[in-house]
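The values are calculated or read from the model by the stated rules, or taken from the named source; none is laboratory data. Predicted model, so just to flag it, every value in this text is computed and none were measured. Every residue, glycine as well, gets a Cβ built from its backbone with ideal geometry; the counts of neighbours run over all protein chains shown. Keep in mind that these areas ignore ligands, DNA and RNA; they rest on the heavy atoms of the full protein, side chains included. Shrake-Rupley method; radii C 1.70, N 1.55, O 1.52, S 1.80 Å.
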Amino acid sequence: RNVLFKTMPIVKERVSALYRKAIFPKYFALADLGCASGPNSLLAISWIIEAISGLCSQTGRSLPEVLVFLNDLPGNDFKTVLSSLPSFYENLKEKNRVEINCY
């Protein structure tokens with residue numbers, strides 16, 4: 001979690017730079033190559049989606065569909081990650097006040 005807090009400003013800047021270049025993708029793909037199955041597994045994804053939502057709101061653009069790829073060791077408990085998706089979607093909807101197409 002500490003690493004996420006330290007690196008998220010850099011990630012948000014990169015997302016912002018993409019939108020400053022007037023590139024407004026229809027799809028936005030994210031890959032978490034170490035997602036594990038703990039409580040932080042979707043935290044970075046939610047922060048990136050919130051950054052995208054905020055930038056789209058500021059620029060008057062439509063939200064892109066967000067494609068998320070989760071990857072880690074085969075022995076990890078992906079059932080736990082998948083069971084947390086309904087609350088993940090609900091939290092995104094509440095925080096961003098819009099429906100976000102995230103797959």
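Observations, loosely collected:
- Beta bridges per DSSP, both residues in the chain: antiparallel share near 0 percent.
- Measuring with a 1.4 angstrom probe and ignoring ligands and nucleic acids, Phe24 comes out at about 70 Å² accessible.
- The packing ranking, built from the mean of other Cβ atoms within 10 Å per residue, places the peptides 56-62, 13-19 in the order 13-19, 56-62, highest first.
- Between 0 and 90°, nearest 10: helix 2-20 axis offset from the chain longest Cα axis: 30 degrees
- Computing Kirkwood radius over Cα pairs in Å directly from the structure and comparing it against (i) 18.6; (ii) 14.0; (iii) 14.3 singles out (iii).
- The peptide list 82-90, 29-37, 43-51, put in order of mean Cβ contacts within 10 Å with the highest first, becomes 43-51, 29-37, 82-90.
- Reachable lysines from Lys21, criterion Cα separation under 24 angstrom, eight or more residues apart if same chain: Lys12
- Computed from Cα atoms, the angle from the helix 85-96 axis to the main principal axis of the chain rounds to 30 degrees.
- Summary value for the range 3-96: 37 percent relative contact order, contacts being C-alpha pairs under 8 angstrom separated by 6+ residues.
- 13 Å Cα-Cα reach of Lys26 towards aspartates and glutamates, excluding residues that sit fewer than 8 places from it in its own chain: Glu65
- In degrees, nearest ten, helix 43-59 long axis to first principal axis of the chain (Cα): 10 degrees
- Rounded accessible area per residue of the chain, 1.4 Å, Å²: 65 Å²
- CD proxy at 222 nm, helix term only [per DSSP H run n ≥ 4: -39500 (n - 2.57); per residue of the chain; nearest 500]: -17000 deg cm²/dmol
- The chain, accessible surface, carbon-and-sulfur percent (1.4 angstrom probe): 56 percent
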